[in-house]
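The values are calculated or read from the model by the stated rules, or taken from the named source; none is laboratory data. On a predicted model such as this, the values are computed, not experimentally measured, just so you know. Heads up, the Cβs are rebuilt from the backbone with ideal geometry, glycines too, and the neighbour counts pull from every protein chain shown.
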Amino acid sequence: MKVTMLIEDEPSKDVINLANEMGLSMHFQFNDKNILFDAGLTEAFIDNARKMGINLKNDDFIVISHGHISHAGGLLKYLRSNEKAEIVISESAVQKHYIKICRNEIDISVPSEITSRCGNRIRYLNDFTEITKDVFIASNFIKKYPWVRFNQYMFTEKYGSFIRDDFKHELIMVINNAGKLVIVTGCSHNGITNIIESVKLKFPDTPIQAVIGGFHISGIPGGNVFRESEQSVRKLGQTLLSYNIDKVYTCHCTGMLQYNILKKVMKDKIEYFSTGREIEL
């Protein structure tokens, strides 16, 4: 399996002239399938893919991890060039979503045109499903551990009122890679440890080769306000070590400050997965 970080918050250390942004898009080549996981804040990931020699027209699936613009902002342009990829998304992901702090409301919803322009290509998923051989989509995560702190400022709109987001629209991808699991997440709003625990219930005897994605412990997007405490981040690192994961590749909403704390705890068991980087699993 080949995994390429098309775009995320940190600039590329491996490829020159690649854009980076406060968004996420990863590309997976697994067996005979090509899968795009998230579609960035803007369409910049498309140009990055071209520069890295990845033809997005060949993708079979595009998975949108949750209903926030930083993971679907470039989707409409992507779909204009890729005419075959099936869109995998939760139905509630296309509702309105907001960050709401005091009296400030920031609309972070996915483009509303997705359903009207691409409805015939959408596959709504809200439960554990195998979308192609050895590639699974999961949701409805257990709540063994507390959610990330910043979730308290995230809302959805129903019947004209703001209600606290329950993040039932969050999906993850699980790949059975030759008998080992690769768990892929966008932001882990449900908590990365809750996500791992939920996967382990489905695959109790299968070792975890890798966890890839953001953990949303950096606080408010673009800054470190409302971030998780150093103590809680250290505890997270210790819990991740307890799962005996071969390697954790984190990025995006984990934040570099929090990553450096995790690195001190997890040492060579964790790496930062920045824009332009490729990994072979």
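For region 212-234, the criterion of being aliphatic (A, V, I, L, M), surrounded by fewer than 20 Cβ atoms within 10 Å (Cβ to Cβ), without any contact (Cβ under 8 Å) to a residue 60 or more places away in the chain and assigned to a helix (DSSP H, G or I) is met by none of the residues.
Test G73 against the stated conditions and say whether it is touching a Ser or Thr at 6+ places or on another chain (Cβ under 7 Å), at negative phi, crowded, with 22+ Cβ neighbours inside 10 Å and assigned to a loop (DSSP other than H, G, I, E, B).
Working: touching a Ser or Thr at 6+ places or on another chain (Cβ under 7 Å): yes; at negative phi: yes; crowded, with 22+ Cβ neighbours inside 10 Å: yes; assigned to a loop (DSSP other than H, G, I, E, B): yes.
Considered against the rule, which asks whether it is touching a Ser or Thr at 6+ places or on another chain (Cβ under 7 Å), at negative phi, crowded, with 22+ Cβ neighbours inside 10 Å and assigned to a loop (DSSP other than H, G, I, E, B), G73 comes out as yes.
Taken residue by residue, region 40-55 has no member that is over 16 Å from S70 (Cα atoms), surrounded by fewer than 15 Cβ atoms within 10 Å (Cβ to Cβ) and touching a residue at least 24 places away in the same chain (Cβ under 8 Å). Here the strands (runs of 3 or more DSSP E) wholly within region 1-65 that include at least 1 residues being among the aromatic types (F, W, Y) are 25-30, 33-37, 61-63.
Yes or no, residue by residue, for (1) modelled with pLDDT under 90; (2) touching a strand residue (DSSP E or B) at 6+ places or on another chain (Cβ under 9 Å):
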site: L76; (1), (2): no, no
site: E91; (1), (2): no, yes
site: K100; (1), (2): yes, yes
site: R121; (1), (2): no, yes
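Considered as a group, the residues in region 13-22 that are modelled with pLDDT of 95 or more and within 14 Å of A49 (Cα to Cα) include one that is surrounded by the most Cβ atoms within 10 Å (Cβ to Cβ), and that residue is L18. For region 80-91, which positions are more than 21 Å from M22 (Cα to Cα) and either more than 18 Å from the chain's Cα centre (by Cα) or surrounded by 20 or more Cβ atoms within 10 Å (Cβ to Cβ) (or both)? Within region 80-91, R80, S81, N82, E83, K84, A85, I87, V88, S90 meet the criteria. Is it fair to say S25 is within 22 Å of Y98 (Cβ to Cβ) and either crowded, with 24+ Cβ neighbours inside 10 Å or not β-branched (V, I, T) (or both)? Against the criterion (within 22 Å of Y98 (Cβ to Cβ) and either crowded, with 24+ Cβ neighbours inside 10 Å or not β-branched (V, I, T) (or both)), S25 does not qualify. Considering region 124-159, the residues that are modelled with pLDDT under 95 and charged (D, E, K, R) include one that is farthest from G67 (Cα to Cα), namely K144. Residues to consider are E157, E170; find the one that is surrounded by 18 or more Cβ atoms within 10 Å (Cβ to Cβ), in contact with a Phe, Trp or Tyr (Cβ under 8 Å, 6 or more places away or on another chain) and in contact (Cβ under 8 Å) with a residue 12 or more places away in the chain. Going through E157, E170 in turn, just one is surrounded by 18 or more Cβ atoms within 10 Å (Cβ to Cβ), in contact with a Phe, Trp or Tyr (Cβ under 8 Å, 6 or more places away or on another chain) and in contact (Cβ under 8 Å) with a residue 12 or more places away in the chain: E170. Residues satisfying the criterion are present in region 112-135 (criterion: within 16 Å of the chain's Cα centre (by Cα), over 20 Å from Q95 (Cα atoms) and hydrophobic (A, V, I, L, M, F, W, C)).
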